[in-house]
Each structure stands twice: as C-alpha cells, then as structure tokens.
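Quick notes on the structure that follows.
The values are calculated or read from the model by the stated rules, or taken from the named source; none is laboratory data. This structure is a prediction, so every number in the text was calculated from the model and none was measured. Virtual Cβ from ideal backbone geometry, glycine too; neighbours counted across all protein chains shown. Protein only, heavy atoms only, side chains kept; ligands, DNA and RNA dropped before computing areas. Shrake-Rupley method; radii C 1.70, N 1.55, O 1.52, S 1.80 Å.
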Amino acid sequence: MRLSHKFQKLFTRDAAESLWEHACRWAHPVSSRRILATIDGAELERLREQYPYRPNARKINAYEDASYWIGVNVKRIQDLWLDRSPALQILDLGCGPGYFLYLCKLFGHEGIGIDPDDEPFFRGTTRHFGVERVIARINPQAPLPELDKKFDLVTAHRVCFHRIARSENGEWLEWTEADWKFFINDIRTRFLKPDGRLLLEFNRRADGSSFFTPELRTFFESQGARIVRWKALLAANPKQRPRFKQIR
C-alpha cells in the first residue's frame, strides 16, 4: 500500500509540472555563480550590521545570503523566460531586497519595485542593487499608486499582501474573491500593456497544501489564469490564456 502511495505521488499534477519546470531550466542553463560574482558580499554583510534583524524577525529570511537568493531568483527568471526574451518593462510587487529586479536588469530589462518601508535592510540593498522602489502598501480594494506607465510584466513572489490578520486560532484571514477581482482588474486596466502578463506566486499553506483551494482555483481560472503549481499567470485580456514563454 505504501509503495502504491509513493507511485501515486510521483504522477501527481504537481510532480509533472515540477518535472517540466526542471527540464526547461536544464535546457537553458543560467550560471548563478557568474551572477553571484557581480555582487559585493562584503557590502551586504556591512548592510546587515547597519540594519540588524528586527526583534522576533525570522532568521530564515537571511536576505544577506546572496548565494541562496540568487539561486531562488535565477529559477524565477528562467521560468518566465526572462533570460531569453527581448527587453521588458517589469513591475515587481513586494520587491523586498531587490534581487529579482537586479537579475532582470542584468538580462537587459527595466524594472520598478513596490514595497512598504517596513524592513530597514531593504533600503540599503535596493540602493546597493540600483533598484528603483516606490514605497506603498497593497490593501484590499484599494488602487495601487499611479506610476504613469504600463508594463509588459507585473510580478509578485511569495505573495503575502492578501493576508489581512490572524484569527483567534492563529489562521490567516485572507482576501475575498471580491478583493482579488478588484486587484486583478486594477493591474489589468492601469498597469499592463495590451500583451502584458501578471504573475502571482503564492506560498504553500501551513499544512503544506496548495494556496489554491478548489474555490480559489475555480475563481482564478474564471479570470483566465494559467495555474502551474503555486503560480497563477494572467493576461491583460481575461479571455486569453497567457504562456510563461512570451511569444512576440
């Protein structure tokens, strides 16, 4: 019975999509080592000393660990084919320390980040990486700040802005479908070019399950999303199903 269960896990949808992602990355390798060589690790350590961990901050988020975060963001670059596409205008929501936009710049793209100014360390890293950042918080059913331009790609990695507060039992209270609909429409109408795309990458839930409950999967698919593992990719036109490989 156990062996049968293991074989079932091997052939789940998630496993198949994971295998496809790994195959695509393997076919078009990107050298994390070369990218890491462009970063001044000593300066990141100095910035960490200047901006120490906040009280009760999770040490798992050691953003000065450039080797780890370059590896994470190389995969993001590969999955969106940004290492092989023409120059794009990119908006990164919740840009954090700026690694993703720094890599985008190395591959010839232009980017802007949006983030609240909650983490002092990010002030130093975004300046160090030359990442343009707009200070703002994403709230339910509130439009994003006006940027006076539109983008080929809007991204949000490890999304957490949809978490409003914790309930008494410790579970997160999250955006409703109406909140998500407002947000997606705001991005589509004000920030995406006609052939633009919106990528939302979610964390798994506390029990290890997918962010996409059956209800959320149905909702995002009703918005035209292509869902791959914990990511939802949406086109500017809700009637189109976008591809991770941008075809021009």
Would you mind checking 105/181; 193/245; 75/150; 75/193 for any pair whose Cα atoms are more than 21 angstrom apart?
105/181; 75/150; 75/193
Please give the peptides 151-159, 94-102, 37-45 ranked by average Cβ packing (other Cβ atoms within 10 Å per residue), highest first, as a rough proxy for protection.
94-102, 151-159, 37-45
Using Cα pairs under 8 angstrom and six or more residues apart, how large is the relative contact order of the chain, in percent?
15 percent
Under 5 Å, built H, 5+ apart or other chain: amide partners of residue 151:
192, 193
Over the Cα atoms of the chain, what is the Rg over Rh ratio if Rh follows Kirkwood?
0.96
Report residue 210's accessible area, 1.4 Å probe, all protein chains in place, as a number in Å² to the nearest 10.
40 Å²
State in Å² the accessible area per residue of the range 131-175; use a 1.4 Å probe, count heavy atoms of protein chains only, and round to the nearest integer.
60 Å²
Local electrostatic count, residue 142, Cβ distance below 13 Å [Lys/Arg +1, Asp/Glu -1]:
-1
Leaving out ligands, DNA and RNA, and with a 1.4 Å probe, what % of the accessible surface on the chain is carbon or sulfur?
54 percent
Could you work out the relative contact order of the range 175-248, using alpha carbon pairs under 8 angstrom and six or more residues apart, expressed as a whole percent?
32 percent
